[in-house]
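Below is one structure; the comments refer to it alone.
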Amino acid sequence: MQTIRERPRAPTLLQVKKDPVKLTALLYLREAVVAQRYEECPAFIQIAREFGAKEREIDELLEDPRRTPR
């Protein structure tokens, strides 16, 4: 009788769930920083965080608004 061995599975690509509300809030944050409308930024940051934005994502946009959110 032959035993069947399981082959190791090939690594899969990381699938990132992209939330459209988070992405939109980050894009609006970027536009507000570029246009120097700083009073709008806290609202966009709060919405982005609520929908899963990481601190790193927000910090990158605040450091250099030319970056594109992911």
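The values are calculated or read from the model by the stated rules, or taken from the named source; none is laboratory data. Worth saying up front: this structure is predicted, and the values here are computed from it rather than measured. Methodologically, a virtual Cβ is constructed for each residue, glycine included, from the backbone with ideal geometry; neighbour enumeration extends over all protein chains shown.
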By residue number, the members of segment 29-59 that are under 15 Å from the mean Cα position of the chain (by Cα) and crowded, with 17+ Cβ neighbours inside 10 Å are L29, R30, F44, I45, I47, A48, A53, E57, I58
Tally, over segment 19-65, of residues that are assigned to a loop (DSSP other than H, G, I, E, B) and in contact (Cβ under 8 Å) with a residue 12 or more places away in the chain: 5
Which residues, counting only those in segment 42-54, are farther than 12 Å from V21 by Cβ and either modelled with pLDDT under 95 or of a type in the set (G, A, S) (or both)? A43, K54
